[in-house]
Amino acid sequence: MDFNNKVYFTIPIQGNWKILISQTTVSTLFVMAVLITLAIIVRMKLKSFKETPETTFQNVIELLVDTIQNFIKGTLGEKYTSVALGGWYFGVIVIIWTMNMSGLLGFRNATADIITTAAFGLSTFFILHYMWLKHKKFRYFKEYFEPIVVFFPMNVVSEISVPISLSFRLFGNILGGLILMGLIYSFPFYLKIGIPAALHAYFDVFSGSIQAFIFTVLSISFIRNKLPD
Amino acid sequence: MASISNEAFVLGMSAVGAGIAVCAGLGTGIGEGYAAGKAAEAVGRQPEARGTIMSTLIIGDAISETAAIYGLVVAMILMFANPLVGKL
């Protein structure tokens, strides 16, 4: 059986460079379309939002935004939660959750591709170093040599392992679920009655939600650990 | 034994390696079970702190699960995207 990411067609650019339109691309574009449509709808309805919520729609949106923002503030601390950082991690948790859920609609989860998760992991890596440098100034360079100078290589390796462990955790969990679902779907038909539903509930809904939450909370914790109190 | 081709040997050994790689889940299973047992004890002692204990348990489990996930990823690479076959 083949669980690799199928490439539908390629667009050549120049020489050996080409754009691959694969299952991941399609599913990412679908998730983006859903989220952008939702964002536009919310933005259009924002004018009719009242001080005290009247409609169910406003209640749901406020509950979602409040819960996630309070959770980010609780993990990162009130002092460091800027609008940009809070908004970024709100976006990350929502898009990872939607990507994990897209398996329910028959898409190949975009997070089951190392490219997607590496992008999220690297973004956390760059934010971490930016925040670290911004808040610690010259102590940033000093902290690579702590507790003693000999620890420099260990400290560098532990910094490099942050995006790797973040991206591989999400990738491995989602790909594991995807492969198990693929095996179940290749069984004879009498094993495909009801069983896939329970497995989808576990691998897509439960595991997907947990992993989206874990990715965000670990990213924020890594950043928080580098900042002064 | 002399009749085994190089490809068959590499593929068979890759399958064995994949099986050994997922043994990384052994320690993770023991560790996570231990953590869950401790969390159950903590909930028994302090039922009102259930939410905090649960979220701490889930985050801790997710971190310790990384080792098992690495093993799983190595096994999957050996099974579905074997880099060794191309070197023959």
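The values are calculated or read from the model by the stated rules, or taken from the named source; none is laboratory data. Computed from a predicted model, the values in this text were never measured in an experiment. Here Cβ is always computed from backbone atoms with ideal geometry, including for glycine, and neighbour counts include all displayed protein chains. All accessible areas refer to the heavy atoms of the entire protein, side chains included, with ligands and DNA or RNA removed. Shrake-Rupley method; radii C 1.70, N 1.55, O 1.52, S 1.80 Å.
In a simple Cβ point-charge model (Lys, Arg +1; Asp, Glu -1; nothing else charged), the protein assembly as shown has a dipole of about 680 debye relative to its Cα centre. The mean accessible area for residues of the protein assembly as shown, using a 1.4 Å probe and ignoring ligands and nucleic acids, is 60 Å² per residue.
When you filter the trypsin sites (Lys or Arg not before Pro) in region A:50-149 for DSSP loop state and at most 15 other Cβ atoms inside 10 Å of their Cβ, you are left with A:LYS50, A:LYS79, A:LYS137.
Which shape class, rounded, prolate or oblate, goes with region A:177-216 when its Cα gyration tensor gives a ≥ b ≥ c as root eigenvalues, a/c under 1.5 marks rounded, and past that a/b bigger than b/c marks prolate? Because a/c hits 1.5 or more and a/b fails to exceed b/c, region A:177-216 counts as oblate. Please work out the FRET efficiency for the pair A:SER48 and A:ILE210, using the Cβ-Cβ distance as r and a Förster radius of 35 Å; give the result to the nearest 0.05. The pair A:SER48/A:ILE210 has a calculated efficiency of 0.50. In a DSSP loop and with at most 15 other Cβ atoms within 10 Å, the GluC sites (Glu not before Pro) in region A:42-81 are A:GLU51, A:GLU54, A:GLU78.
Place a +1 charge on the Cβ of each Lys and Arg in region A:106-148 and a -1 charge on the Cβ of each Asp and Glu, then give the dipole magnitude about the Cα centre in debye, rounded to the nearest 20. Here the size comes out at about 240 debye.
Only helices enter this figure: runs of n ≥ 4 DSSP H residues, each worth -39500 (n - 2.57), summed and divided by the residues of the protein assembly as shown, yield -24000 deg cm²/dmol at 222 nm to the nearest 500. Classify chain A: rounded, prolate or oblate, from the alpha-carbon gyration tensor (a ≥ b ≥ c, eigenvalue square roots; a/c under 1.5 rounded; otherwise prolate if a/b is larger than b/c)? Verdict is oblate for chain A. Please give the helix B:50-80 orientation as an angle from the longest Cα principal axis of chain B, in degrees from 0 to 90, rounded to the nearest 10. Once rounded, the angle reads 0 degrees. Name the residue from A:TYR144, A:GLY208, A:LEU191 whose Cα lies farthest towards the positive end of the charge dipole of region A:104-217, charges +1 on Cβ of Lys and Arg and -1 on Cβ of Asp and Glu. Looking along the dipole axis, the top candidate is A:TYR144. Only aspartates and glutamates eight or more places from A:LYS6 in sequence, or on another chain, were considered; those with a Cα closer than 13 Å are A:ASP113. Using heavy atoms of the protein chains and a probe of 1.4 Å, the accessible area assigned to B:ASP61 is about 30 Å². GNM, chain A, Cα, under 10 Å: largest mean-square fluctuation among A:ILE164, A:ILE21, A:ILE93? The residue that fluctuates most here is A:ILE21.
Label region A:35-109 by shape, choosing from rounded, prolate and oblate, from the square roots a ≥ b ≥ c of the eigenvalues of the Cα gyration tensor; if a/c is under 1.5 it is rounded, and otherwise prolate applies when a/b is larger than b/c, oblate when it is not. It comes out oblate by the Cα gyration axes.
List the chymotrypsin sites (Phe, Trp or Tyr not before Pro) in region A:124-229 that DSSP assigns to loop (not H, G, I, E or B) and whose Cβ has at most 11 other Cβ atoms within 10 Å. Which are they?
Values: sites: A:PHE125, A:PHE126, A:TYR130, A:TRP132, A:PHE138, A:TYR140, A:PHE141, A:TYR144, A:PHE145, A:PHE151, A:PHE168, A:PHE171, A:TYR185, A:PHE189, A:TYR190, A:TYR202, A:PHE203, A:PHE206, A:PHE213, A:PHE215, A:PHE222; in loops: A:PHE138.
Those that pass, being in a loop and sparsely packed, are A:PHE138.
Considering only A:THR81, A:VAL217, A:VAL26, and ranking their Cα positions along the charge dipole of chain A that arises from unit charges at the beta-carbon of Lys, Arg, Asp and Glu, the one farthest toward the positive end is A:THR81.
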